[in-house]
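**Q** First the structure, then my questions, so here it is.
Any read-out appearing in this document is the output of simple, stated calculations on the displayed coordinates, not a laboratory observation. What you are looking at is a predicted structure, and each value in this text was computed from that prediction instead of being measured. Cβ: placed from backbone, ideal geometry, glycine included. Neighbour counts: every protein chain shown.
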Amino acid sequence: MVDVLIIGSGGAGLTAALSAKAQGASVLVVGKHYPTNSQTSMAQGGINAALGNVIPDSIESHIADTVKSAHGLCDEEMVTALCEGAPEAIAWLESIGVPFSRTEDAKVAQRRLGGASSKRACYSQDYTGLKILHTLYDTCLKEGIEFLDRHYLLNLITAPQSNPKLDPVVKGATFLDIATGEVKQIEAASVILATGGYSSIYHGFTTNSAGITGDGMSAVVRAGGYLSDIEFVQFHPTALKSSSILISESARGEGGYLLNDSGERFVDELLPRDMVARAIYEQINSGSSVYLDVRHLGEEKLTELLPQELHLCRLHEGIDPVKELIPIKPVAHYSMGGIDVKRSLEIRGIKGCFAAGECSNAKVHGANRLGGNSLLELIVFGKRAGESAVKFAAEADKTPPNDEQLKSDQNFIRGVYHFTNQINFYEKREFIGKIFYHNAGIVRDKTKLTAVLAAIRQIQKELPFMGIADKSKGFNTNLIEFIEFGNALELSEILLVGALSRNESRGAHYRDDFPQENDEMYAAHTIYWKEDGVLCADFEKRYV
């Protein structure tokens, strides 16, 4: 039995692994891909810290910007911990070798991102997340941390406590070995979920890779845990029009303009992301195309600071940003909601199980994440998750679990091979992506949300008539994508129930039929759980 089992090998998982290892715990990191494929590598713009290397800044200003962006849906104690931990996080990243871009006097370079009152985002050209991820992975290898790649999370293993009124205790998890097709059980004294978000519900209209389907969140709900604020999805203002590939906020942070067909700048480019995304949506909805203009920055500056953006535009749009406008649209980018956790990052409803990163709702992003805070959360709270897990593992009951969950999941996988496959789930995945983007996306209303929820519940009924065409055991991507589809389908219903229940507009959740914030009714978090398989939801303001 390993002391700390970490599920997910992105920035949060790797930071948690290093934190736990430094305390002497045995650590195993399990991921469905190799660590370098993590979504963390797609974070381009920067990581926030009030260093004041370019212009004066303060931790108090960072806290104020984060709270304002969250629209009241945050735990100020957690926000303070995030922002106060930022300078130390940057110093630690520097110490392990992250190659940040530098000012002329050799300090870490910083740029301003949307919603920030200062140039606060530390960056490495426009490859910030990738540089951090690779450095973390290299450091994990140097520290001898064990990895188990290409293993897909199926379910958490839990055991009841002697007092049935107490939450069950985690005992490990079950996985599908992608290479062999076998189901495995890994036992652990504590578990950290770092499995990423769920924005690929908006399939075809997201900056996320296709596998970001909320696998960890679905596993938590099935195990008796809680989710919160799932209706809050951030739409990034600038993705390439044809491919939905992200063009970093750093392009606007360095001085890029947003233009409509008339060549007019119609919005302050560095307002919070929800406001910029809605302004672009309104232009497109009125029949105008929208463009990002960086031509005035000059080829030398673009090549130095935004080399990845130049490459992506040339490769995927066939345009040269040095000379041409970049056609863009807003698409789903980041999930503010996630697994409901305590301040220790322990999951509500499951003892000894923790969550960090985008899958975790640590109550710091609220209704609209501040640009540059996502990478920061991976480091600051990845470390906290590692510390909390080691502390729990030291006192945990090491009695091995039974094999009931293992047998159940083995039966499930065997059963999938015999599903009738009368309905093509790939077609349903495309359909869900479109109706979510157009009817449960940037602008919402009751009529559209109700229609999408009815469609999702109908697809849920049809799921037994879907299946896989590929009957091979090893490296069966058809099987993995089918299980991912089931997880995304489960979270789709939860998102819609939350969006319908929240009769107000708050941050990224904008209702045409309720355009104002309603603090009297909805200055609270949406909580979701299941009882006997039935989805339950409520509003509450609870910080522990």
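**Q** Which lysines, on any chain, are close to LYS21 with Cα under 17 Å apart, when same-chain ones fewer than 8 places away are left out?
**A** The reachable lysines, counting only those whose Cα sits under 17 Å from LYS21, are LYS142, LYS383, LYS391.
**Q** Something else about it: Based on the Kirkwood radius over alpha-carbon pairs, what is the Stokes-Einstein translational diffusion coefficient of the chain at 20 °C with 1.002 mPa s viscosity, in µm²/s?
**A** So the translational diffusion coefficient is about 91 µm²/s.
**Q** Compute, for segment 229-284, the length of the dipole vector about the Cα centre, with Cβ point charges of +1 (Lys, Arg) and -1 (Asp, Glu) only. Units Debye, rounded to 20.
**A** My answer is approximately 160 debye.
**Q** Same structure, new question: If each DSSP helix of 4+ residues adds -39,500 (n - 2.57) and the sum is divided by the residues in the chain, what number results at 222 nm, nearest 500 deg cm²/dmol?
**A** -11500 deg cm²/dmol
**Q** Nearest 20 debye, what's the magnitude of the dipole of the chain about its Cα centre given +1 on Lys and Arg Cβ and -1 on Asp and Glu Cβ?
**A** Using Cβ point charges on Lys, Arg, Asp and Glu, the chain gives about 660 debye.
**Q** Would you please state the base-10 log of I(q)/I(0) at q = 0.17, 0.19, 0.24 1/Å for segment 236-331, with intensities from the Debye formula using one equal scatterer on every alpha carbon?
**A** Log10 I(q)/I(0), no solvent term: -0.65, -0.82, -1.34.
**Q** If you average the C-alpha positions of segment 60-83 and of segment 240-278 separately, how far apart do those two centres end up, in angstrom?
**A** Between the Cα centres of segment 60-83 and segment 240-278 lies a distance of 24 Å.
**Q** If you don't mind, another one. Please work out how much length the chain gains when fully extended from ASN411 to HIS296, using 0.36 nm per residue of separation minus the C-alpha to C-alpha distance, in nm with one decimal.
**A** Here the answer is 35.4 nm.
**Q** Rounded to the nearest angstrom and ordered from largest down, what semi-axes does the equivalent ellipsoid of segment 274-381 get from its C-alpha gyration tensor (root of 5λ)?
**A** They are 37, 18, 11 Å, listed from largest to smallest.
**Q** If you don't mind, another one. So, R0 is 30 Å and r is the distance between the beta-carbons of GLU187 and SER344; what FRET efficiency does that work out to, to 0.05?
**A** The computed FRET efficiency comes out at 0.85.
**Q** Sort 531-537, 138-144, 507-513 by the packing proxy (mean of other Cβ within 10 Å over each peptide's residues), most packed first.
**A** So the order, starting with the most tightly packed, is 507-513, 138-144, 531-537.
**Q** Then there's this: Identify all aspartates and glutamates with a Cα-Cα distance to LYS471 below 20 Å; exclude those on the same chain that are fewer than 8 residues away in sequence.
**A** LYS471 reaches ASP177, GLU182, ASP409, GLU427, GLU481, GLU484.
**Q** Which of the helices in the chain, when you take each full DSSP H run, stretch at least 15 Å along the axis at their Cα atoms and have an average Kyte-Doolittle score of -0.5 or higher?
**A** 11-22, 59-70, 128-142, 273-285, 373-395, 446-462, 477-501
**Q** Let me ask you something else. With the dipole of the chain worked out from charges on the C-beta (+1 for Lys and Arg, -1 for Asp and Glu) around the Cα centre, which of ILE468, THR195, CYS313 lies farthest toward the positive end?
**A** The residue sitting most towards the positive pole is ILE468.
**Q** Report the label-to-label distance for SER472 and ARG457 in nanometres (one decimal), using points 7 Å from each Cα along the Cα→Cβ vector.
**A** Each label point is offset 7 Å from its Cα along the Cβ direction, giving 4.1 nm.
**Q** Out of the trypsin sites (Lys or Arg not before Pro) in segment 397-445, which ones are loop residues according to DSSP with at most 12 other C-beta atoms within 10 Å?
**A** Here the trypsin sites (Lys or Arg not before Pro) that fit, given the DSSP loop and packing criteria, are LYS398.
**Q** Given a cut-off of 24 Å, name the pairs among LYS68/LYS241; LYS171/LYS530; LYS131/LYS342; LYS184/LYS473; LYS351/LYS473 whose C-alpha atoms lie farther apart than that in the structure shown.
**A** LYS68/LYS241; LYS131/LYS342; LYS351/LYS473
**Q** Let me ask something else. List the pair-distance distribution P(r) of segment 127-199, using every Cα-Cα distance, as the percent of pairs falling in each 10 Å bin from 0 up to the bin containing the longest distance, rounded to whole percents.
**A** With 10 Å bins starting at 0, P(r) equals 15, 33, 35, 14, 3.
**Q** Something else about it: I'd like to know which of THR36, VAL54, VAL322 lies farthest towards the positive end of the charge dipole of the chain, counting +1 on Cβ of Lys and Arg and -1 on Cβ of Asp and Glu.
**A** It is THR36.
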